[in-house]
Amino acid sequence: MEKLEITGGKRIFGTIKISGSKNATLPILAATILTNKKTIIKNIPIVRDVETMATLLSTIGSSVKLNKIKKKIEIINNNSLKTFASYNLLKTMRAGVLVLGPLLAKYGTAKVSLPGGCSIGSRPINLHLNALEKMGADIKVKNGYIKASAKKGLKGCLIRFPKISVGATENILIAACLAKGKTKLRNCASEPEVQDLIVFLKKLGCRINKIGKRSIDILGVEKLKSTVHKVIFDRIEAGTYIIAAALTNGRLKITNINPKIMSTEIKLLNKMKINIIKRKKYIIVSSPKKIKKINIETKPYPGFPTDLQAQIMVLMTKGEGISTIKENIFENRFMHVSELRRMGAHIEILGNKAKIYGKKKLNGAEVMATDLRASVCLVLAGLVAKEKTIINRIYHLDRGYEKIEKKLSNCGLKIKRLT
Ligand code: UD1
């Protein structure tokens with residue numbers, strides 16, 4: 001099994017180009033099921049989850065051409081895709097459930113595996129299923145599969161999500177594009193990745209009207225067009241490298257981004273005294289002599305993202321005084337804490353709150369990655385730890401970070417993959 005070996009204490013200098021967003025690419029790929037015309041998606045990150053979604057699409061019969069060098073994917077569908085997505089594909093990637101909405105909307109039937117369990121929380125999909133039922137689908141969950149049918153097609157209606165969910169907003173938004181009549185979605189997620197999906201769907205010919213921050217109206221259409229779309233940048237990858245630069249005491253230029261989309265994160269890091277020079281398409285990050293403590297809570301966009309919680313926790317171990325984090329999105333997202341403690345961090349957990357004691361010297365250790373963002377937080381800890389850190393189970397990291405060891409080692413940090 002592959003591992004990462006990191007020797008801490010080096011300073012970062014150079015430029016990192018941010019990849020396209022994984023979380024924007026996945027729903028856009030699922031949404032290509034809606035059309036039979038050619039779609040070309042550019043700026044996709046070459047990471048495991050994107051490859052898994054490409055495999056899922058070709059398994060159900062799409063013609064998929066993935067060009068890893070040009071970072072683009074070309075998809076052509078026909079009218080007879082299989083409407084079955086197996087456990088084998090969904091067990092490694094929860095976002096596979098995003099094919100449920102488009103398959104059901106286009107073919108009136110779908111059998112999709114329930115996504116596998118997840119270390120960060122139970123992650124139910126009740127919001128997806130309840131909304132599809134409200135649109136007229138008959139849904140049965142049996143033997144680990146969701147069997148959905150809507151013989152006469154899905155019908156537009158009013159759906160008020162009882163909780164903000166990125167995945168449920170995306171699944172229902174995509175399905176509503178081919179439903180009969182108007183669907184009104186309320187209390188929607190407004191993450192930049194959802195917004196990018198809307199841009200893509202509109203280019204396909206979907207009739208979508210976004211009203212304010214949390215309402216989306218969709219008027220179903222019968223046929224869609226072909227299109228080319230460039231995926232937005234990965235704001236979580238960008239945030240991770242800002243934190244890497246803040247920790248390693250150097251100077252890093254981060255390109256291929258739009259800092260406006262990350263204003264919450266940038267403001268918060270500014271409060272910790274991290275220096276960030278903002279330009280239209282890039283930022284330059286350098287660290288101060290003293291990092292200030294801070295109290296944060298994770299929230300749906302435009303709040304602070306749960307996907308950056310583990311990374312900022314590492315920065316807090318270097319702050320002055322005690323910082324706190326309240327995790328509001330996932331009930332079990334402090335799995336990284338026990339590994340950080342093994343590296344010398346002093347962190348107390350009470351329910352969904354963490355208390356992080358600053359000015360701690362971290363020591364290298366052999367540690368285990370438990371999920372995608374937890375893995376990258378261990379990489380960050382390794383970069384500032386004394387001596388060597390070995391990170392096991394890095395397949396989690398490969399699901400969402402493109403060439404992380406190359407991007408960091410090109411900037412002077414000592415990190416390599418052991419195969
Ligand atoms: C997406 C992101 C993930 C991010 C998360 C929150 C992708 C591929 N993944 O995951 O990286 O951490 O948003 O920003 O884009 N919930 C329910 N019932 C449901 C659906 C969700 O109770 O049917 C709950 C979840 O358990 C969680 C909360 O709603 O507590 C938010 O989850 P959701 O926004 O749906 O996350 P994902 O779309 O799975």
So the helices (runs of 4 or more DSSP H) completely within region 310-419 holding 1 or more residues that are under 19 Å from Ser287 (Cα atoms) and more than 16 Å from the ligand (Cβ to nearest atom) are 372-384, 404-409
What are the residue pairs meeting all of these: first residue in region 320-336, first residue closer than 19 Å to Lys360 by Cα, second residue within 13 Å of the ligand (Cβ to nearest atom) and acidic (Asp, Glu), Cβ atoms under 7 Å, and 6 or more apart or on different chains? Phe334/Glu327
Consider only pairs whose beta carbons are under 7 Å apart and that are at least six residues apart or on different chains; among these, list those whose first residue lies in region 89-111 and is assigned to a loop (DSSP other than H, G, I, E, B) and whose second residue is of a type in the set (Lys, Arg). Gly108/Lys151
Taking region 136-152, which residues are free of Cβ contacts under 8 Å to residues at least 12 places away in the same chain and either surrounded by 13 or more Cβ atoms within 10 Å (Cβ to Cβ) or within 24 Å of the chain's Cα centre (by Cα) (or both)? Ile139
Restricting the search to region 214-235, which residues are under 23 Å from the mean Cα position of the chain (by Cα) and either under 13 Å from Ile28 (Cα atoms) or without any contact (Cβ under 8 Å) to a residue 24 or more places away in the chain (or both)? Val228, His229, Lys230, Val231, Ile232
Say whether the condition of being within 25 Å of Ile76 (Cβ to Cβ), assigned to a strand (DSSP E or B) and in contact with a helix residue (DSSP H, G or I) (Cβ under 9 Å, 6 or more places away or on another chain) is met by at least one residue in region 139-146. no
Would you say Ile294 is out of contact with any His (no Cβ under 7 Å at 6 or more places or on another chain) and closer than 20 Å to Gly412 by Cβ? no
Please work out which residue is surrounded by the most Cβ atoms within 10 Å (Cβ to Cβ), limiting yourself to region 356-390 and to residues that are charged (D, E, K, R) and more than 25 Å from the chain's Cα centre (by Cα). Lys360
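Among residues belonging to region 168-192 that are in contact with a Phe, Trp or Tyr (Cβ under 9 Å, 6 or more places away or on another chain) and part of a helix (DSSP H, G or I), point out the one that is nearest to Asn36 (Cα to Cα).
Result: Ile172.
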Being under 25 Å from Tyr107 (Cα atoms), surrounded by fewer than 23 Cβ atoms within 10 Å (Cβ to Cβ) and either outside the structural domain of Thr92 (by TED's automatic domain parsing) or among the hydrophobic types (A, V, I, L, M, F, W, C) (or both), is that true of even one residue in region 164-187? yes
Considering (1) surrounded by fewer than 24 Cβ atoms within 10 Å (Cβ to Cβ); (2) within 12 Å of the ligand (Cβ to nearest atom); (3) outside any loop (DSSP other than H, G, I, E, B), say which one Glu133 fails and leave the rest. (2)
Of those in region 285-300 that are modelled with pLDDT under 95 and not small (Gly, Ala, Ser), the residue farthest from Gly14 (Cα to Cα) is Lys290
Does Ala54 satisfy being crowded, with 24+ Cβ neighbours inside 10 Å, touching a residue at least 12 places away in the same chain (Cβ under 8 Å) and assigned to a helix (DSSP H, G or I)? no
Could you check Lys152 against (1) more than 23 Å from Lys230 (Cα to Cα); (2) at pLDDT 95 or above and say which number it fails? (2)
Filter result for Lys203 (surrounded by fewer than 16 Cβ atoms within 10 Å (Cβ to Cβ) and either at pLDDT 95 or above or assigned to a strand (DSSP E or B) (or both)): yes
Residue that is more than 13 Å from the ligand (Cβ to nearest atom) and within 18 Å of the chain's Cα centre (by Cα), where the choices are Lys155, Lys91, Lys106: Lys91
Which pairs have Cβ atoms under 7 Å, sit 6 or more apart or on different chains, and link a residue in region 185-204 that is in contact (Cβ under 8 Å) with a residue 12 or more places away in the chain and within 19 Å of Ala131 (Cα to Cα) to one that is surrounded by 24 or more Cβ atoms within 10 Å (Cβ to Cβ) and polar (S, T, N, Q)? Leu185/Thr169; Cys188/Thr169; Ala189/Thr169; Val194/Thr169
Limited to region 66-79, what total is found for residues that are free of Cβ contacts under 8 Å to residues at least 40 places away in the same chain and loosely packed, with under 14 Cβ neighbours inside 10 Å? 4
Could you run through region 62-78 and say how many residues are within 19 Å of Lys225 (Cα to Cα) and outside any strand (DSSP E or B)? 3
Give Lys203, Lys213 a once-over and let me know the one that is of a type in the set (Lys, Arg) and either within 23 Å of Gly136 (Cβ to Cβ) or within 16 Å of the ligand (Cβ to nearest atom) (or both). Lys213
Taking Val47 and the conditions (1) surrounded by fewer than 20 Cβ atoms within 10 Å (Cβ to Cβ); (2) more than 27 Å from Ala179 (Cα to Cα), which numbered condition does it fall short on, given that it satisfies the others? (1)
Condition met for Val99 (surrounded by 16 or more Cβ atoms within 10 Å (Cβ to Cβ), among the hydrophobic types (A, V, I, L, M, F, W, C) and out of contact with any Gly (no Cβ under 9 Å at 6 or more places or on another chain)): yes
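The values are calculated or read from the model by the stated rules, or taken from the named source; none is laboratory data. Predicted model, so just to flag it, every value in this text is computed and none were measured. Heads up, the Cβs are rebuilt from the backbone with ideal geometry, glycines too, and the neighbour counts pull from every protein chain shown.
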